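Remarks on the structure that follows.
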Amino acid sequence: IDLPYLDRGRGYIHETKAQLGMLRSISKAVYRVWSPESALGVLREAVRTALTAPTGPVSVEIPADVQAAMLPQPDDFSPLPVPISHPGESSLDQLAERLATAKRPLLWLGGGARHAREGAIRLVEYGMGMVTSVNGRGIVPEDHPLTLGAFNMNPDAEAFYQSCDLMLVVGSRLRSNETKIYRLKLPEPLLQVDADPVADGRAYPNSGFVCGDSAVVLSGLADRLEGRLQIDPAFAQDLAAAREAAVAKLQDTLGPYDALVDALKAVMPPDALWVRDVTILNSTWGNRLPKLSDPRNGIHALGGGIGQGMPMGVGAALGADGRKVVSLCGDGGLMLNIGELTTAVQEQADVTLLVMNDQGYGVIRNIQDARFGGRHYFTDLRLPDFATLAKSLGMPYWSVTAVSEFGEKFREALSVKGPALVEVEMQTIGPFKVPFAGPPVKTE
(Lines give C-alpha, C1' and ligand atoms only; values in the text may rest on other atoms or scores of the structure.)
Protein backbone atom coordinates (compact mmCIF):
# COMPACT_ATOMS: atom_id res chain seq x y z
CA ILE A 1 0.00 0.00 0.00
CA ASP A 2 1.29 3.46 -0.80
CA LEU A 3 1.88 5.76 2.13
CA PRO A 4 -1.01 8.21 1.43
CA TYR A 5 -3.56 5.38 1.68
CA LEU A 6 -2.35 3.61 4.84
CA ASP A 7 -4.92 3.20 7.64
CA ARG A 8 -7.66 4.96 5.65
CA GLY A 9 -10.08 2.05 5.35
CA ARG A 10 -10.71 2.85 1.69
CA GLY A 11 -10.42 -0.71 0.40
CA TYR A 12 -7.00 -0.17 -1.17
CA ILE A 13 -5.67 -3.43 -2.64
CA HIS A 14 -3.92 -5.59 0.00
CA GLU A 15 -5.19 -3.30 2.78
CA THR A 16 -5.57 -4.98 6.17
CA LYS A 17 -7.37 -3.33 9.04
CA ALA A 18 -4.96 -2.38 11.85
CA GLN A 19 -2.05 -4.12 10.19
CA LEU A 20 0.49 -2.85 12.71
CA GLY A 21 -1.66 -4.18 15.53
CA MET A 22 -1.87 -7.56 13.83
CA LEU A 23 1.91 -7.66 13.45
CA ARG A 24 2.42 -6.45 17.02
CA SER A 25 0.53 -9.47 18.34
CA ILE A 26 3.10 -11.86 16.85
CA SER A 27 6.27 -9.78 17.11
CA LYS A 28 8.67 -8.54 19.75
CA ALA A 29 8.44 -5.09 18.15
CA VAL A 30 6.90 -3.43 15.10
CA TYR A 31 8.18 -0.53 13.02
CA ARG A 32 6.80 1.45 10.10
CA VAL A 33 9.12 3.23 7.67
CA TRP A 34 7.52 6.63 7.03
CA SER A 35 10.02 7.95 4.53
CA PRO A 36 12.81 6.66 2.28
CA GLU A 37 15.36 8.68 4.24
CA SER A 38 14.48 6.94 7.51
CA ALA A 39 14.56 3.38 6.15
CA LEU A 40 18.16 2.52 7.03
CA GLY A 41 17.85 3.85 10.57
CA VAL A 42 14.64 1.91 11.16
CA LEU A 43 16.12 -1.30 9.79
CA ARG A 44 19.21 -0.91 11.96
CA GLU A 45 17.07 -0.48 15.05
CA ALA A 46 14.83 -3.42 14.06
CA VAL A 47 17.87 -5.71 13.78
CA ARG A 48 19.26 -4.48 17.09
CA THR A 49 15.92 -5.09 18.80
CA ALA A 50 15.57 -8.58 17.34
CA LEU A 51 19.05 -9.59 18.52
CA THR A 52 18.79 -8.06 21.99
CA ALA A 53 17.94 -10.61 24.68
CA PRO A 54 15.29 -11.76 25.06
CA THR A 55 15.53 -12.14 21.30
CA GLY A 56 12.49 -12.38 19.06
CA PRO A 57 10.99 -11.66 15.65
CA VAL A 58 10.58 -8.03 14.63
CA SER A 59 8.25 -6.80 11.88
CA VAL A 60 8.99 -3.83 9.64
CA GLU A 61 6.25 -2.34 7.45
CA ILE A 62 7.54 -0.46 4.38
CA PRO A 63 4.89 1.19 2.18
CA ALA A 64 5.14 0.33 -1.51
CA ASP A 65 6.00 3.86 -2.66
CA VAL A 66 8.74 4.11 -0.02
CA GLN A 67 10.20 0.85 -1.32
CA ALA A 68 10.28 2.26 -4.86
CA ALA A 69 12.04 5.51 -3.94
CA MET A 70 15.62 6.16 -5.07
CA LEU A 71 18.27 7.36 -2.63
CA PRO A 72 22.01 7.93 -2.80
CA GLN A 73 24.04 4.91 -1.73
CA PRO A 74 24.79 5.24 2.03
CA ASP A 75 28.46 5.15 2.98
CA ASP A 76 27.86 3.17 6.16
CA PHE A 77 25.76 0.01 6.49
CA SER A 78 27.28 -1.10 9.79
CA PRO A 79 24.83 -2.47 12.36
CA LEU A 80 24.09 -0.94 15.73
CA PRO A 81 25.81 -2.59 18.71
CA VAL A 82 23.66 -5.18 20.47
CA PRO A 83 23.54 -4.51 24.22
CA ILE A 84 24.46 -7.33 26.57
CA SER A 85 23.01 -7.41 30.07
CA HIS A 86 25.78 -7.63 32.67
CA PRO A 87 24.80 -8.41 36.25
CA GLY A 88 26.67 -6.78 39.06
CA GLU A 89 29.80 -8.53 40.29
CA SER A 90 28.28 -8.80 43.76
CA SER A 91 25.28 -10.63 42.32
CA LEU A 92 27.56 -13.19 40.70
CA ASP A 93 29.59 -13.50 43.88
CA GLN A 94 26.48 -14.22 45.93
CA LEU A 95 25.14 -16.72 43.40
CA ALA A 96 28.49 -18.52 43.29
CA GLU A 97 28.57 -18.77 47.08
CA ARG A 98 25.18 -20.48 47.09
CA LEU A 99 26.27 -22.93 44.41
CA ALA A 100 29.53 -23.66 46.22
CA THR A 101 27.64 -25.09 49.20
CA ALA A 102 25.57 -27.53 47.11
CA LYS A 103 26.54 -31.20 46.97
CA ARG A 104 24.05 -32.24 44.27
CA PRO A 105 23.44 -29.14 42.11
CA LEU A 106 21.51 -29.31 38.84
CA LEU A 107 21.38 -26.84 35.94
CA TRP A 108 18.21 -26.44 33.85
CA LEU A 109 19.23 -24.79 30.57
CA GLY A 110 16.73 -23.30 28.14
CA GLY A 111 16.87 -21.68 24.73
CA GLY A 112 18.10 -18.45 26.27
CA ALA A 113 21.37 -20.21 27.10
CA ARG A 114 22.11 -21.55 23.63
CA HIS A 115 25.01 -19.13 23.23
CA ALA A 116 26.35 -19.90 26.73
CA ARG A 117 28.02 -23.17 25.84
CA GLU A 118 31.50 -22.37 27.14
CA GLY A 119 30.39 -21.60 30.68
CA ALA A 120 27.83 -24.41 30.76
CA ILE A 121 30.37 -27.05 29.73
CA ARG A 122 32.86 -25.82 32.34
CA LEU A 123 30.28 -26.09 35.13
CA VAL A 124 29.27 -29.59 34.05
CA GLU A 125 32.93 -30.59 33.93
CA TYR A 126 33.20 -29.40 37.55
CA GLY A 127 30.54 -32.00 38.41
CA MET A 128 27.23 -30.15 38.17
CA GLY A 129 24.38 -32.11 36.61
CA MET A 130 22.24 -30.76 33.80
CA VAL A 131 18.81 -31.08 32.26
CA THR A 132 17.43 -29.01 29.40
CA SER A 133 14.28 -27.77 27.85
CA VAL A 134 13.66 -28.87 24.26
CA ASN A 135 15.16 -25.59 23.05
CA GLY A 136 18.23 -25.98 25.25
CA ARG A 137 19.29 -29.31 23.82
CA GLY A 138 22.91 -29.67 22.76
CA ILE A 139 24.30 -26.74 24.75
CA VAL A 140 26.30 -29.47 26.43
CA PRO A 141 26.58 -32.47 24.06
CA GLU A 142 23.85 -34.94 24.94
CA ASP A 143 26.26 -37.84 25.17
CA HIS A 144 27.87 -36.23 28.22
CA PRO A 145 27.41 -38.51 31.26
CA LEU A 146 26.18 -35.65 33.47
CA THR A 147 23.21 -34.59 31.38
CA LEU A 148 19.63 -35.82 31.52
CA GLY A 149 19.10 -34.30 28.08
CA ALA A 150 15.51 -33.22 27.55
CA PHE A 151 14.10 -35.94 29.82
CA ASN A 152 12.97 -33.09 32.03
CA MET A 153 9.55 -34.31 33.21
CA ASN A 154 9.91 -38.09 33.11
CA PRO A 155 8.92 -39.66 36.47
CA ASP A 156 12.45 -40.96 36.98
CA ALA A 157 13.85 -37.48 36.37
CA GLU A 158 11.33 -35.97 38.77
CA ALA A 159 12.26 -38.51 41.42
CA PHE A 160 15.94 -37.69 40.87
CA TYR A 161 15.17 -33.98 41.32
CA GLN A 162 14.13 -34.68 44.88
CA SER A 163 17.66 -35.89 45.66
CA CYS A 164 19.19 -32.64 44.36
CA ASP A 165 19.90 -29.84 46.81
CA LEU A 166 19.79 -26.92 44.34
CA MET A 167 18.58 -26.11 40.84
CA LEU A 168 19.79 -23.19 38.74
CA VAL A 169 17.42 -22.37 35.86
CA VAL A 170 19.13 -20.40 33.10
CA GLY A 171 17.35 -18.87 30.11
CA SER A 172 14.21 -21.00 30.32
CA ARG A 173 10.54 -20.09 30.60
CA LEU A 174 9.82 -23.46 32.25
CA ARG A 175 6.89 -23.61 29.85
CA SER A 176 3.78 -25.63 30.58
CA ASN A 177 4.49 -28.45 28.12
CA GLU A 178 7.76 -29.23 29.90
CA THR A 179 6.63 -28.83 33.50
CA LYS A 180 3.27 -30.63 33.51
CA ILE A 181 1.52 -27.25 33.53
CA TYR A 182 3.85 -25.92 36.26
CA ARG A 183 3.22 -28.84 38.62
CA LEU A 184 6.50 -30.66 38.03
CA LYS A 185 8.24 -30.80 41.40
CA LEU A 186 11.63 -29.14 40.96
CA PRO A 187 14.57 -29.11 43.39
CA GLU A 188 14.78 -26.47 46.08
CA PRO A 189 16.24 -23.98 46.47
CA LEU A 190 15.44 -22.97 42.90
CA LEU A 191 17.56 -20.10 41.57
CA GLN A 192 16.94 -18.33 38.28
CA VAL A 193 19.01 -16.44 35.70
CA ASP A 194 17.42 -14.57 32.82
CA ALA A 195 18.17 -11.54 30.65
CA ASP A 196 14.52 -10.53 30.96
CA PRO A 197 13.81 -8.94 34.38
CA VAL A 198 10.10 -9.74 34.19
CA ALA A 199 10.95 -13.47 34.04
CA ASP A 200 11.69 -13.33 37.77
CA GLY A 201 9.30 -15.83 39.37
CA ARG A 202 7.00 -15.83 36.35
CA ALA A 203 6.53 -19.61 36.08
CA TYR A 204 7.93 -20.88 39.39
CA PRO A 205 8.75 -19.06 42.63
CA ASN A 206 12.49 -18.83 43.19
CA SER A 207 14.89 -18.28 46.07
CA GLY A 208 17.09 -15.90 44.12
CA PHE A 209 17.15 -14.18 40.73
CA VAL A 210 20.02 -12.71 38.71
CA CYS A 211 19.19 -10.56 35.71
CA GLY A 212 21.88 -10.95 33.08
CA ASP A 213 23.02 -12.52 29.85
CA SER A 214 23.33 -16.28 30.30
CA ALA A 215 26.79 -16.50 28.72
CA VAL A 216 28.10 -13.74 30.99
CA VAL A 217 26.58 -15.35 34.08
CA LEU A 218 27.64 -18.96 33.41
CA SER A 219 31.19 -17.97 32.48
CA GLY A 220 31.35 -15.76 35.56
CA LEU A 221 30.16 -18.61 37.75
CA ALA A 222 32.64 -21.01 36.17
CA ASP A 223 35.47 -18.60 36.95
CA ARG A 224 34.35 -18.30 40.56
CA LEU A 225 33.68 -22.00 41.18
CA GLU A 226 36.72 -23.65 39.65
CA GLY A 227 38.12 -26.11 42.18
CA ARG A 228 35.50 -25.23 44.81
CA LEU A 229 32.62 -27.65 44.27
CA GLN A 230 32.43 -30.64 46.61
CA ILE A 231 30.05 -32.91 44.69
CA ASP A 232 28.48 -35.97 46.30
CA PRO A 233 30.41 -38.99 44.90
CA ALA A 234 27.11 -40.79 44.18
CA PHE A 235 25.61 -37.88 42.23
CA ALA A 236 26.88 -38.79 38.76
CA GLN A 237 25.84 -42.42 39.13
CA ASP A 238 22.36 -41.47 40.35
CA LEU A 239 21.90 -39.06 37.42
CA ALA A 240 23.02 -41.69 34.91
CA ALA A 241 20.61 -44.21 36.41
CA ALA A 242 17.72 -41.75 36.14
CA ARG A 243 18.49 -41.08 32.49
CA GLU A 244 18.89 -44.77 31.70
CA ALA A 245 15.52 -45.51 33.30
CA ALA A 246 13.87 -42.62 31.47
CA VAL A 247 15.20 -43.78 28.10
CA ALA A 248 14.13 -47.36 28.72
CA LYS A 249 10.59 -46.37 29.70
CA LEU A 250 10.21 -44.13 26.66
CA GLN A 251 11.49 -46.82 24.33
CA ASP A 252 9.04 -49.29 25.84
CA THR A 253 6.09 -47.07 24.81
CA LEU A 254 7.09 -46.94 21.14
CA GLY A 255 6.25 -50.49 20.09
CA PRO A 256 7.67 -51.13 16.57
CA TYR A 257 9.03 -47.59 16.29
CA ASP A 258 11.75 -48.26 18.85
CA ALA A 259 13.67 -50.18 16.17
CA LEU A 260 12.99 -47.39 13.66
CA VAL A 261 14.55 -44.83 16.01
CA ASP A 262 17.61 -47.04 16.45
CA ALA A 263 17.99 -47.30 12.66
CA LEU A 264 17.61 -43.53 12.25
CA LYS A 265 20.26 -42.80 14.87
CA ALA A 266 22.65 -45.28 13.25
CA VAL A 267 22.34 -43.73 9.78
CA MET A 268 21.79 -39.99 10.31
CA PRO A 269 25.05 -37.98 10.04
CA PRO A 270 26.19 -36.72 13.46
CA ASP A 271 26.30 -33.10 12.25
CA ALA A 272 22.90 -33.23 10.52
CA LEU A 273 20.33 -30.58 11.35
CA TRP A 274 17.42 -32.34 13.06
CA VAL A 275 14.28 -30.35 12.21
CA ARG A 276 10.95 -31.42 13.71
CA ASP A 277 7.35 -30.47 13.22
CA VAL A 278 4.84 -30.76 16.05
CA THR A 279 3.95 -34.43 15.61
CA ILE A 280 3.27 -37.48 17.76
CA LEU A 281 6.65 -38.84 16.71
CA ASN A 282 8.50 -35.74 17.80
CA SER A 283 6.56 -35.23 21.02
CA THR A 284 7.42 -38.78 22.05
CA TRP A 285 10.92 -39.59 20.77
CA GLY A 286 12.09 -36.87 18.35
CA ASN A 287 12.59 -34.32 21.12
CA ARG A 288 14.66 -36.70 23.23
CA LEU A 289 16.21 -39.83 21.72
CA PRO A 290 18.42 -38.65 18.80
CA LYS A 291 21.30 -36.99 20.65
CA LEU A 292 22.37 -33.47 19.70
CA SER A 293 25.99 -32.38 19.98
CA ASP A 294 25.37 -28.69 19.32
CA PRO A 295 22.46 -26.38 20.20
CA ARG A 296 22.15 -25.26 16.55
CA ASN A 297 21.68 -28.83 15.33
CA GLY A 298 18.11 -28.97 16.61
CA ILE A 299 15.25 -26.92 15.16
CA HIS A 300 11.73 -27.22 16.53
CA ALA A 301 8.62 -25.07 16.72
CA LEU A 302 7.68 -24.53 20.37
CA GLY A 303 4.26 -22.96 19.90
CA GLY A 304 2.33 -26.21 19.41
CA GLY A 305 0.95 -25.53 15.91
CA ILE A 306 1.55 -28.17 13.26
CA GLY A 307 2.77 -27.52 9.73
CA GLN A 308 6.09 -25.77 10.24
CA GLY A 309 8.42 -28.75 9.86
CA MET A 310 8.83 -28.78 6.10
CA PRO A 311 9.25 -25.01 5.56
CA MET A 312 11.71 -24.89 8.48
CA GLY A 313 13.57 -27.80 6.93
CA VAL A 314 13.78 -26.08 3.55
CA GLY A 315 14.97 -22.86 5.17
CA ALA A 316 17.53 -24.71 7.26
CA ALA A 317 18.84 -26.54 4.20
CA LEU A 318 19.36 -23.29 2.31
CA GLY A 319 21.56 -22.02 5.15
CA ALA A 320 23.14 -25.29 6.28
CA ASP A 321 26.49 -24.76 4.54
CA GLY A 322 26.71 -28.28 3.15
CA ARG A 323 25.28 -30.20 6.09
CA LYS A 324 22.38 -32.57 5.59
CA VAL A 325 18.99 -31.56 6.95
CA VAL A 326 16.42 -34.13 8.10
CA SER A 327 12.88 -32.84 8.63
CA LEU A 328 10.47 -34.99 10.63
CA CYS A 329 6.87 -34.31 9.56
CA GLY A 330 3.45 -35.81 10.05
CA ASP A 331 1.05 -36.21 7.16
CA GLY A 332 -1.32 -33.61 8.63
CA GLY A 333 1.42 -31.04 9.15
CA LEU A 334 2.84 -31.67 5.69
CA MET A 335 -0.54 -30.97 4.09
CA LEU A 336 -0.70 -27.50 5.65
CA ASN A 337 2.28 -26.42 3.54
CA ILE A 338 2.23 -29.00 0.76
CA GLY A 339 3.07 -26.35 -1.85
CA GLU A 340 6.50 -25.92 -0.28
CA LEU A 341 7.50 -29.26 -1.80
CA THR A 342 7.77 -27.28 -5.03
CA THR A 343 10.02 -24.75 -3.29
CA ALA A 344 12.27 -27.56 -2.03
CA VAL A 345 12.68 -28.91 -5.56
CA GLN A 346 13.00 -25.51 -7.21
CA GLU A 347 15.75 -24.42 -4.81
CA GLN A 348 17.31 -27.89 -4.59
CA ALA A 349 17.24 -27.71 -0.81
CA ASP A 350 19.32 -30.56 0.59
CA VAL A 351 16.64 -31.84 2.93
CA THR A 352 15.39 -35.36 3.56
CA LEU A 353 11.70 -35.22 4.46
CA LEU A 354 10.72 -38.03 6.81
CA VAL A 355 6.93 -38.17 6.59
CA MET A 356 5.24 -40.30 9.24
CA ASN A 357 1.86 -41.04 7.67
CA ASP A 358 -0.88 -42.30 9.99
CA GLN A 359 -3.66 -41.15 7.63
CA GLY A 360 -5.04 -38.50 9.92
CA TYR A 361 -4.62 -36.20 12.88
CA GLY A 362 -3.24 -38.92 15.13
CA VAL A 363 -2.96 -37.01 18.39
CA ILE A 364 -6.52 -35.68 18.04
CA ARG A 365 -7.72 -39.21 17.37
CA ASN A 366 -5.91 -40.44 20.50
CA ILE A 367 -7.34 -37.60 22.60
CA GLN A 368 -10.84 -38.49 21.41
CA ASP A 369 -10.16 -42.11 22.35
CA ALA A 370 -8.88 -41.15 25.81
CA ARG A 371 -11.41 -38.48 26.72
CA PHE A 372 -14.49 -38.94 24.55
CA GLY A 373 -15.07 -42.67 24.41
CA GLY A 374 -13.55 -43.14 20.97
CA ARG A 375 -16.03 -40.89 19.17
CA HIS A 376 -13.93 -39.63 16.25
CA TYR A 377 -14.74 -36.37 14.52
CA PHE A 378 -12.65 -34.65 11.84
CA THR A 379 -9.55 -36.76 12.41
CA ASP A 380 -9.31 -38.49 9.04
CA LEU A 381 -7.50 -36.85 6.14
CA ARG A 382 -7.88 -37.03 2.40
CA LEU A 383 -4.28 -37.31 1.31
CA PRO A 384 -2.57 -37.36 -2.07
CA ASP A 385 -0.56 -40.34 -3.23
CA PHE A 386 2.83 -39.09 -2.05
CA ALA A 387 4.70 -41.36 -4.49
CA THR A 388 2.84 -39.85 -7.45
CA LEU A 389 3.19 -36.34 -6.07
CA ALA A 390 6.93 -36.73 -5.58
CA LYS A 391 7.34 -38.18 -9.06
CA SER A 392 5.46 -35.26 -10.60
CA LEU A 393 7.96 -32.89 -8.97
CA GLY A 394 11.01 -34.94 -9.82
CA MET A 395 11.69 -35.63 -6.13
CA PRO A 396 13.24 -39.00 -5.18
CA TYR A 397 10.82 -41.04 -3.05
CA TRP A 398 10.89 -44.12 -0.84
CA SER A 399 8.00 -45.92 0.86
CA VAL A 400 8.59 -47.78 4.12
CA THR A 401 6.00 -50.43 4.98
CA ALA A 402 8.07 -52.40 7.49
CA VAL A 403 10.52 -51.18 10.12
CA SER A 404 13.12 -53.63 8.82
CA GLU A 405 13.20 -51.65 5.54
CA PHE A 406 13.72 -48.26 7.12
CA GLY A 407 17.47 -48.15 7.72
CA GLU A 408 18.52 -48.94 4.15
CA LYS A 409 15.88 -46.74 2.50
CA PHE A 410 16.66 -43.84 4.81
CA ARG A 411 20.35 -44.25 4.02
CA GLU A 412 19.60 -44.11 0.28
CA ALA A 413 17.51 -40.97 0.73
CA LEU A 414 20.27 -39.28 2.73
CA SER A 415 22.71 -39.93 -0.11
CA VAL A 416 20.64 -37.74 -2.45
CA LYS A 417 22.03 -34.25 -2.97
CA GLY A 418 18.82 -32.25 -2.84
CA PRO A 419 15.30 -32.93 -1.60
CA ALA A 420 14.09 -36.47 -1.02
CA LEU A 421 10.94 -37.87 0.60
CA VAL A 422 10.69 -40.97 2.76
CA GLU A 423 7.12 -41.95 3.64
CA VAL A 424 6.67 -44.26 6.64
CA GLU A 425 3.28 -45.95 6.30
CA MET A 426 2.29 -46.20 9.94
CA GLN A 427 -1.03 -47.93 9.40
CA THR A 428 0.84 -50.83 7.82
CA ILE A 429 3.56 -50.92 10.47
CA GLY A 430 1.17 -50.65 13.40
CA PRO A 431 0.44 -48.43 16.42
CA PHE A 432 2.56 -47.29 19.32
CA LYS A 433 2.48 -49.58 22.34
CA VAL A 434 1.20 -46.64 24.39
CA PRO A 435 -0.88 -44.06 22.46
CA PHE A 436 0.19 -40.43 22.82
CA ALA A 437 -2.73 -38.19 23.74
CA GLY A 438 -0.96 -34.92 24.54
CA PRO A 439 1.76 -33.88 26.98
CA PRO A 440 1.58 -35.46 30.44
CA VAL A 441 -0.11 -33.51 33.19
CA LYS A 442 -0.39 -33.82 36.96
CA THR A 443 -3.84 -34.03 38.44
CA GLU A 444 -3.01 -34.18 42.16
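The values are calculated or read from the model by the stated rules, or taken from the named source; none is laboratory data. Note that this is a predicted model, so its numbers are computed, not measured. FYI the Cβ positions are ideal-geometry reconstructions off the backbone, even for glycines, and counts take in every protein chain you see.
Evaluate the following for residue 134: is it within 19 Å of the chain's Cα centre (by Cα) and over 21 Å from residue 210 (Cβ atoms)?
Taking the combined requirement at face value, the residue satisfies it.
Identify all residues within the stretch 409-444 that are loosely packed, with under 13 Cβ neighbours inside 10 Å and of a type in the set (D, E, K, R); write none if there are none.
Passing the criteria: 417, 444.
Restricting attention to the stretch 1-45, and to residues there that are of a type in the set (Asp, Glu) and over 35 Å from the mean Cα position of the chain (by Cα), which single residue is modelled with the lowest pLDDT?
7
Report whether or not residue 114 is surrounded by 13 or more Cβ atoms within 10 Å (Cβ to Cβ), of a type outside the set (A, V, I, L, M, F, W, C) and either closer than 30 Å to residue 142 by Cβ or at pLDDT below 95 (or both).
So residue 114 passes the test.
Residue under question is residue 30, and the condition is that it be closer than 30 Å to residue 214 by Cβ and β-branched (Val, Ile, Thr); does it hold?
yes
Can you name the residue in the stretch 84-111 that is aliphatic (A, V, I, L, M) and closer than 17 Å to residue 172 by Cα and, of all such residues, is surrounded by the most Cβ atoms within 10 Å (Cβ to Cβ)?
Among those that are aliphatic (A, V, I, L, M) and closer than 17 Å to residue 172 by Cα, it is 109.
When the stretch 366-389 is examined, which residues are found to be among the hydrophobic types (A, V, I, L, M, F, W, C), under 20 Å from residue 438 (Cβ atoms) and touching a residue at least 24 places away in the same chain (Cβ under 8 Å)?
367, 370, 381 - these are the residues of the stretch 366-389 that are among the hydrophobic types (A, V, I, L, M, F, W, C), under 20 Å from residue 438 (Cβ atoms) and touching a residue at least 24 places away in the same chain (Cβ under 8 Å).
Got a sec? Which of 30, 60 is touching a Leu at 6+ places or on another chain (Cβ under 6 Å), within 30 Å of residue 194 (Cβ to Cβ) and without any contact (Cβ under 8 Å) to a residue 40 or more places away in the chain?
Details: 60 fails: touching a Leu at 6+ places or on another chain (Cβ under 6 Å).
Answer to the selection: 30.
Within the stretch 358-365, identify whether any single residue is without any contact (Cβ under 8 Å) to a residue 24 or more places away in the chain and over 27 Å from residue 415 (Cβ atoms), and answer yes or no. Explain how you work it out, then say what you get.
As a first pass, look at the stretch 358-365 and keep what is without any contact (Cβ under 8 Å) to a residue 24 or more places away in the chain: 364-365.
Filter again for over 27 Å from residue 415 (Cβ atoms), leaving 364-365.
Checked against the condition, which is being without any contact (Cβ under 8 Å) to a residue 24 or more places away in the chain and over 27 Å from residue 415 (Cβ atoms), the stretch 358-365 yields at least one hit.
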